[in-house]
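The structure appears below as structure tokens.
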Amino acid sequence: MRTVRTTCAYCGVGCGIAAGVTGERSVQIKGDGAHPANAGKLCSKGTHLGETVSPEGRLLHPVIAGRTAGWGEALDLVSARLKACIEEHGPDSVAFYVSGQLLTEDYYVANKLMKGFIGSGNIDTNSRLCMASAVAAHNRAFGEDVVPCSYTDLEEADLVVLVGSNTAWCHPVLWQRIEESRARRGSKIVVIDPRRTETAEQADLHVAVAPDGDVALFNAVLRELKARGLVDEAYLAQHVAAPEGFWDGLEGSAESAGVSPEVFEQLVDLVAAHPKMVTMFSMGANQSAQGTDKGNAITNLHLATGRIGLPGTGPFSITGQPNAMGGREVGGLANMLACHLGFSGEELAEVADFWAAERICTGPGLKAVEMFRAVHDGRIKFLWVMATNPAVSLPDAGFVREALERCETLVVSEAIADTDTGRFAEILLPALAWGEKDGTVTNSERRVSRQRALFAAPGQAKSDWKIMSEVAARLGWGDAFAWANSAAVFREYAAMTALAAKRGKVLDLTDKAGLSDEEYEDMAPFQWGGALPLRERYPTADGKARLIAVAPIAASAVDPAFPLILNTGRYRDQWHTMTRTGWSPTLAQHRREPLAEVHPADAALYDIADAGLVKITTPSGTATFRVKVTDSQRRGEVFVPMHWTDVNAGEGRANRLPSQRVDPVSGQPGFKNSPARIEAVLPEWRAFLVVRELVAPEGLLWWTRSAVKGGWLMELAGLGTVDVSAMLPAGERIEVADHVRGMRRIAVTGADGSLEAALYLTRRGVLPSREWVAGQLGLSEANADELLAARPSVGMPDRGPVVCVCHGIGENDIAACGASTVAEVGQCTRAGTNCGSCRPAIAKLLQAMQLEAAE
Ligand SMILES: Nc1nc2c(c(=O)[nH]1)N[C@H]1C(S)=C(S)[C@@H](COP(=O)(O)OP(=O)(O)OC[C@H]3O[C@@H](n4cnc5c(=O)[nH]c(N)nc54)[C@H](O)[C@@H]3O)O[C@H]1N2
Ligand SMILES: Nc1nc2c(c(=O)[nH]1)N[C@H]1C(S)=C(S)[C@@H](COP(=O)(O)OP(=O)(O)OC[C@H]3O[C@@H](n4cnc5c(=O)[nH]c(N)nc54)[C@H](O)[C@@H]3O)O[C@H]1N2
Ligand code: SF4
Ligand SMILES: [Mo]
């Protein structure tokens, strides 16, 4: 076994992994004990990365108009189309839409090609959907996009305030670090989120703010701190500039933020009592029509109280993707030139000179949502999408799909053969994925780590930067794109940061510009800017930070056609559009379907049943979900996950729903707040299907699929007659039916007697438990009686919904063991003792059981 130290494929925590390569495509995943981000810990997604590296489903060769092609032909075509488009319609008729899942080296090459050689600013990234508001807030307050904190600050803080962050699910290893520090030192955790998430359940205080009530809330807290004499006047005088009338203009109240006076008082008391305070913010802050103002409202509080730049303090924007930060550094956003530089004549000239650029762009390009509008109306005729799935992840995805359909040339560089966006592409280019690619990523605390290859390239896949440099060479720019390896690209980028450093910016990697290939290969994680880059001097002209006057947006009148607010976000064990996590049977157990979470009062009002189906409608579109009635929602609000796509669900795609409304400063969409209505959907039959080979059902009201060992589990619902043969493979069929109760059960076995598929359908009754049936797929011999009964003939305990995916421990196992703490549950069932991602869920379950016992 060969051990390779690398970085996790998923979130912006950037955990180090010690990967034991055990075969051509197999790996044992362990946390890297020496990595400063995680010190050996990994969450459920990182732990189960090994289940996502199989070549199954990968894009293995270029595809042109649906047929397999060679690289030569594909790259010739891409280059010819690019050239023709630029010549005929000018450089702004082409665009790149890239991703925080590219490596820094890929990102650097994409930016250089677009801004330096094609000559347009039209390169934007999915980080526009993710971090753009935080970037804009940093630029406004600090003069540069610098995150002022490090992870150790979360441990040194006496108070950690989490704003719009479901940390326990989305940054689980940071959550574990925060919780361990609380256990050690008695620090306090506040969660500001309209939903009572698992993170909020475990907080010392949950502030269930109204959607987009954050600016009002933070302004009100700051006003209160000022009244209590807690503003740091000396720090303000020396290091911070405030606009005229700032203190009189602090609009907003607890009431307008939807927070009760009692909870507001508790919040202010906690903030007042704990100068060592970190405010970590994420998508509930950024993804808003006033996301930038939210970032500045948070930052204002820290600047005004001097709670920044000291250990255990600061406003901490936590990044989503593994390399969102790397993209921001090199200039992957359309409104940054390169290396934290803007578009002044001087900056453009220096960058042109550094790159020996043939045709430097003249100004910023189009931001993601605008970019797709330009594709839609034909201003952009050539679009190259890399490492992102915009047909799913952009808002108003129906419009986005129309744009993709209309685009004259759509090139998609992908790791996976069948994605929603790839289905629109004329030219599909196979890219290396995690475990194959090689380069660097920057995590949320500005720490640069190496991602290293574990396996050889599958099929003909190539690294993204290599694909682009081969296109550049065909366009006659070979000399500027002639790197021998990713180390050479990295050296060039590091050298280029000299342009930022000489302007007094914090971004400075020039000490890495002379690394040898070996040194790059062995490079240990390092943090640019150091642990606390800001306090005494800010990278502005006068060296001072800025307070920014921000005011809540006045609430608009509620449209009676859309009386509810739709919020969207993430599940613990799925990653984005599920192109990789969707293949893992272990991860699928946490949440097999996308659920619409609805408050009990709203469920009653709209006549919606728990576990029934519901249609959600907004001005942009409709989508269908199974319902989960829960009081963790605020009344009047509905939550759905963003993950499901056309590949793994019918009708359950969230982004049919949000509008194109963006933050006016950052251009980031407001994914968390769309006016909506809900109504029950009443299918005439419901079914589930366990099957080895995927089928593509048609004409249904709704369906979803999830991975099980050896195959797939599908949930189905429809009207009228059921075309069973369209869903089942060939083979020997056994069947039982009860026409009075509208029940049908069919099992199909293959030549060797093992189960190929099993369908359980009902028109009126309940369907049996899925997990046992799904488990039969892997067995060599199927037992017909048991299959039709959907349970073993010898009694087997029902474990209930799986809580611990690592050890397969269910709710009933935990209830049966009689433990009263998470640690005891671990001792008795092993639940929560591996990656620990389920510990908040176990704690919640114990609380619920204790409540029940007390009643
Ligand atoms: N499991 C998992 N982890 C991930 C990812 C994943 O896909 N799956 N993706 C990664 C990426 S790219 C990102 S960007 C991060 C995102 O990480 P998070 O930001 O933690 O995730 P979300 O679920 O999108 O949103 C967080 C919370 O914002 C709340 N919210 C909604 N509206 C408001 C509001 O007006 N105010 C406040 N204060 N809160 C609000 C939502 O209710 C939600 O609970 O996660 C990263 N980690
Ligand atoms: N409603 C709603 N929508 C949202 C959000 C939300 O909270 N709510 N969050 C937004 C946010 S924060 C984000 S970050 C986006 C994420 O949205 P996307 O970026 O669209 O999601 P992914 O599924 O991560 O897409 C990455 C794609 O790249 C492919 N890929 C993986 N590795 C590589 C590689 O090395 N090279 C290439 N060429 N391809 C690769 C994967 O197979 C996958 O298809 O979604 C946004 N959309
Ligand atoms: S917290 Fe989980 S998903 Fe994020 S980097 Fe660490 S192991 Fe990967
Ligand atoms: Mo993100």
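Taken together, the values in this text are just the output of simple stated rules run on the coordinates, not laboratory data. Owing to the predicted nature of the structure, the values given are computational and were not obtained by experimental measurement. Positions of Cβ are backbone-derived with ideal geometry, glycine not excepted, and every protein chain shown enters the neighbour counts.
For the stretch 564-681, what is the charge dipole size about the Cα centre, in debye to the nearest 20, if Lys and Arg each add +1 at the Cβ and Asp and Glu each add -1 at the Cβ?
280
In terms of modelled amide H atoms, which long-range or inter-chain residues lie less than 5 Å from the amide H of THR279?
VAL161, GLY314, PHE316
Semi-axes of the chain's equivalent ellipsoid from the Cα gyration tensor, sqrt of 5 times each eigenvalue, largest first, rounded to whole Å?
Working through the eigenvalues yields semi-axes of 41, 35, 26 Å.
Full-extension gain between ALA816 and HIS89, please, as 0.36 nm times their residue separation minus the C-alpha to C-alpha distance. Could you put the intermediate results ahead of the total?
Working: separation 727, 0.36 × 727 = 261.72 nm, distance 6.94 nm.
Here the answer is 254.8 nm.
Please turn the phi angles of the stretch 107-121 into ³J(HN,Hα) values with the Karplus equation 6.51 cos²θ - 1.76 cosθ + 1.60 (θ = phi - 60°), one per residue in order, whole Hz, x for glycine and proline.
4, 4, 5, 4, 5, 4, 4, 6, 7, x, 10, 5, x, 10, x
Mean separation of Cα pairs under 8 Å and 6+ residues apart, divided by the residue count of the chain: what relative contact order is that in percent?
In percent, rounded to a whole number, it is 15.
At a 10 angstrom cut-off on C-beta neighbours, averaged per residue, how do the peptides 782-790, 64-72 rank from highest to lowest?
Result, highest mean first: 782-790, 64-72.
Projected onto the charge dipole of the chain (+1 at Lys/Arg Cβ, -1 at Asp/Glu Cβ, origin at the Cα centre), which of HIS138, ALA241, GLY20 gives the Cα projection farthest towards the positive end?
Checked the options; the winner is GLY20.
Please tell me the relative contact order of the stretch 702-855 in percent, rounded to the nearest whole number, where contacts are Cα pairs under 8 Å and at least six residues apart.
Values: 210 pairs, mean separation 20.0, N = 154.
Dividing the mean separation by the residue count of the stretch 702-855 yields 13 percent.
Spelling out what I want: for every residue of the stretch 780-785, take phi, set θ = phi - 60°, compute 6.51 cos²θ - 1.76 cosθ + 1.60 (Karplus), and round to whole Hz; glycine and proline get x.
Each residue's phi maps through the Karplus curve to give 6, 10, 8, 9, 4, 4 Hz.
Of the peptides 117-123, 408-414, 26-32, how do they stack up when ordered by the mean number of other Cβ atoms within 10 Å, highest first?
Ranked by mean Cβ neighbours within 10 Å, highest first: 117-123, 408-414, 26-32.
So what is the relative contact order of the stretch 802-854, in percent, for Cα pairs below 8 Å that sit 6 or more residues apart?
Averaging sequence separation for qualifying contacts and normalising by length gives 34 percent for the stretch 802-854.
Across 5 Å bins from the origin, how do the percents of Cα pairs in the stretch 1-60 run, short distances first?
4, 20, 29, 24, 14, 7, 2, 0
Spelling out what I want: for every residue of the stretch 170-179, take phi, set θ = phi - 60°, compute 6.51 cos²θ - 1.76 cosθ + 1.60 (Karplus), and round to whole Hz; glycine and proline get x.
With the stated coefficients, the stretch 170-179 comes to 9, 9, x, 6, 5, 4, 5, 5, 5, 5 Hz.
Bin by bin, in steps of 5 Å, what percent of the Cα pairs in the stretch 137-317 do you find, going until the bin that has the longest distance?
1, 9, 18, 24, 23, 16, 7, 2, 0
With +1 on each Lys and Arg Cβ and -1 on each Asp and Glu Cβ, how big is the dipole of the chain about its Cα centre, in debye rounded to the nearest 20?
My answer is approximately 400 debye.
If each DSSP helix of 4+ residues adds -39,500 (n - 2.57) and the sum is divided by the residues in the chain, what number results at 222 nm, nearest 500 deg cm²/dmol?
-8000 deg cm²/dmol
For the chain, what is the percent of antiparallel DSSP beta bridges, rounded to the nearest 5? Let's see the in-between values first.
Values: 78 of 123 bridges.
Antiparallel bridges make up about 65 percent of those DSSP assigns within the chain.
Starting from the amide H of ALA596, placed 1.01 Å from N in the peptide plane, find each other amide H under 5 Å away whose residue is 5 or more places distant or on another chain.
Hits under the 5 Å cutoff: ARG626, VAL627, LYS628.
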